[in-house]
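Remarks on the structure that follows.
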Amino acid sequence: MMTVALLGTGLLGRAIAERLQATHHTVIAYNRTAARALPLQASGVTVVTVPEQAVVQADVVLLVLADAAAIRAILLAPAVEKHLRGKSIVQMGTIAPDESITIQREVDRIGGTYCEAPVLGSLVEAKAGALQIMVGGTEEQFARWDPFFRSLSHEPRLIGPVGTAAALKLALNQLIAAEISAFALSLALAQRSRVPIDTFMTILRESALFAPSFGKKLPRLLKRDYHNPNFSTRNLLKDAELFLAEATKQQLVVDSLEGIVSLLRKTIRQGLGEVDYSAISDIINPLR
């Protein structure tokens with residue numbers, strides 16, 4: 001079992017911390033807004049007020065931070081950076097491939113080691129140890145950390161060098177944005193055309209068009225209730241914008257995603273940034 005410095009206790013970070021503690025690792029957690037980390041103490045997690053207190057004690061430093069800017073502000077701050085020599089850093093958030101490669105180089109320069117391990121899955125999967133972990137790093141790093149990853153995942157996968165797992169995570173999260181916007185639009189037309197929703201969903205479920213997320217999000221869309229999110233609108237917009245920048249750099253045609261990004265921005269302007277991302281349905285299908 002390992003001592004884990006977990007930096008970042010947002011929705012996913014808290015669930016990962018609880019899972020690691022429950023599987024007999026020692027977790028020391030830090031969050032920039034300290035009050036958000038305090039509930040973890042009830043699970044046996046140690047909560048500290050400055051990140052270096054966690055890093056100095058850790059076998060592995062786990063980053064579950066919002067973006068690359070947050071990683072730089074916390075991990076590469078002078079007070080923390082001086083403790084990174086000989087430390088292993090595992091980056092689990094969603095950032096751009098180039099950002100991940102740059103952070104790897106800076107950690108290498110300091111004398112630490114770095115790999116990326118973004119995840120697919122939400123709070124339910126995190127608490128059950130059923131996340132899909134995609135590792136960007138060396139075969140040696142993957143072999144070393146495989147037992148640790150299996151505390152969170154049934155089958156972690158080595159994707160390739162640093163940057164490849166970050167790109168794969170963006171590709172998958174782009175599908176989240178595409179699926180919810182397409183489903184909300186189709187559902188809205190069915191509703192306004194007085195098609196029975198049960199009929200719509202039965203035919204959809206029996207077809208190759210069905211995605212499990214449609215069934216999961218349907219109650220939210222019908223009730224227009226987006227509270228208690230597993231993944232917020234603001235985080236989905238951040239990931240969609242990262243994908244948009246990367247795809248543009250790769251000379252892909254991104255017109256469809258540009259429309260979805262516009263809808264997500266409108267959703268946030270309506271005050272729905274911190275709720276479940278399915279709130280995009282309120283923009284696609286406004287009340288009348």
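None of the figures in this text is laboratory data; all of them are computed from the coordinates on show. The model shown is predicted, which means the values in this text are computed figures rather than measured ones. Virtual Cβ from ideal backbone geometry, glycine too; neighbours counted across all protein chains shown.
Highest GNM mean-square fluctuation among Gly215, Gly44, Gly129, for the chain modelled with Cα contacts below 10 Å: Gly215.
Would you tally the net charge around Asn173, using a Cβ to Cβ cut-off of less than 10 Å, leaving Asn173 out, and scoring K and R as +1, D and E as -1? Residues near Asn173 contribute +1 overall. Dividing the mean sequence gap of close Cα pairs (under 8 Å, 6+ apart) by how many residues the stretch 1-115 holds gives a relative contact order of 25 percent. Label-to-label distance for Arg72 and Gln270 is 3.4 nm, based on points extended 7 Å past Cα in the beta-carbon direction. Applying 0.36 nm per residue to the separation of Thr49 and Val124 and subtracting their alpha-carbon distance, the gain on full extension is 24.2 nm.
Taking K and R as +1 and D and E as -1, what net charge do the other residues with C-beta under 14 Å from the C-beta of Glu18 add up to?
Values: positive: Arg14, Arg19, Arg36, Lys127; negative: Glu125.
So the environment of Glu18 carries a net charge of +3.
The convex hull built on the alpha-carbon positions of the chain has an orientation-averaged projected area of 15.9 nm². Dipole orientation for the stretch 3-161: of the candidates Pro39, Ala29, Thr9, Pro39 has the Cα lying most toward the positive pole (charges on Cβ; Lys, Arg +1; Asp, Glu -1). In the chain, a dipole from Cβ-located charges (positive for Lys and Arg, negative for Asp and Glu) runs towards its positive end, and of Leu152, Val50, Ala279 it is Ala279 whose Cα lies farthest in that direction. Annotation note: trypsin sites (Lys or Arg not before Pro) in the stretch 81-127 located in DSSP loop regions with a Cβ neighbour count of at most 11 within 10 Å are Arg85.
Dipole check for the chain: with +1 at the C-beta of Lys and Arg, -1 at the C-beta of Asp and Glu, and the Cα centre as origin, the magnitude is about 800 Debye. Working from Cα pairs under 8 Å separated by at least six residues, relative contact order for the stretch 114-196 is 28 percent. For Phe148, Phe231, the sequence from fewest to most other C-beta atoms within 10 Å is Phe231, Phe148. Rounded to the nearest 5, the antiparallel percentage of DSSP beta bridges internal to the chain is 15%. Loop-located trypsin sites (Lys or Arg not before Pro) in the stretch 209-238 (DSSP state other than H, G, I, E, B) with a sparse environment of at most 13 neighbouring Cβ atoms within 10 Å: Arg224.
Its relative contact order, with pairs defined as Cα atoms under 8 Å and 6+ residues apart, puts the chain at 14 percent.
Run the dipole for the stretch 166-284 about the Cα centre, Lys and Arg Cβ at +1, Asp and Glu Cβ at -1, nothing else charged, and hand back the magnitude in debye, nearest 20. Don't skip to the answer; put the middle values down first.
On the way: 15 positive and 12 negative charges, 55 e Å.
The dipole of the stretch 166-284 has a size of about 260 debye.
Would you tally the net charge around Ala42, using a Cβ to Cβ cut-off of less than 14 Å, leaving Ala42 out, and scoring K and R as +1, D and E as -1? Charge balance near Ala42 sits at +1.
What are the membrane-span-like helices in the chain by this rule: whole DSSP H runs, Cα extent along the axis at least 27 Å, mean Kyte-Doolittle hydropathy at least 0.0?
On the way: long enough: 164-192 (43 Å, 1.09).
What comes out of the filter, once short or polar helices are dropped, is 164-192.
Stretched out straight at 0.36 nm per residue, the stretch from Met201 to Asn228 would grow longer than its current Cα-Cα span by 7.3 nm. What whole-number distance in Å separates the alpha-carbon centres of the stretch 208-230 and the stretch 130-191? Between the Cα centres of the stretch 208-230 and the stretch 130-191 lies a distance of 20 Å.
Cross-link partners for Lys249 among the lysines, with Cα-Cα distance under 29 Å and sequence neighbours closer than 8 places in the same chain left out: Lys169, Lys238, Lys266.
Please state the shape class of the stretch 109-177: rounded when a/c is under 1.5, otherwise prolate if a/b exceeds b/c and oblate if not, all from the C-alpha gyration tensor.
Details: a/c = 2.13, a/b = 1.26, b/c = 1.68.
Oblate shape, in that a/c is at least 1.5 and b/c is the bigger or equal ratio.
A simple packing score, the average count of other Cβ atoms within 10 Å per residue, orders the peptides 251-258, 73-80, 89-96 as 89-96, 73-80, 251-258, with the highest score first.
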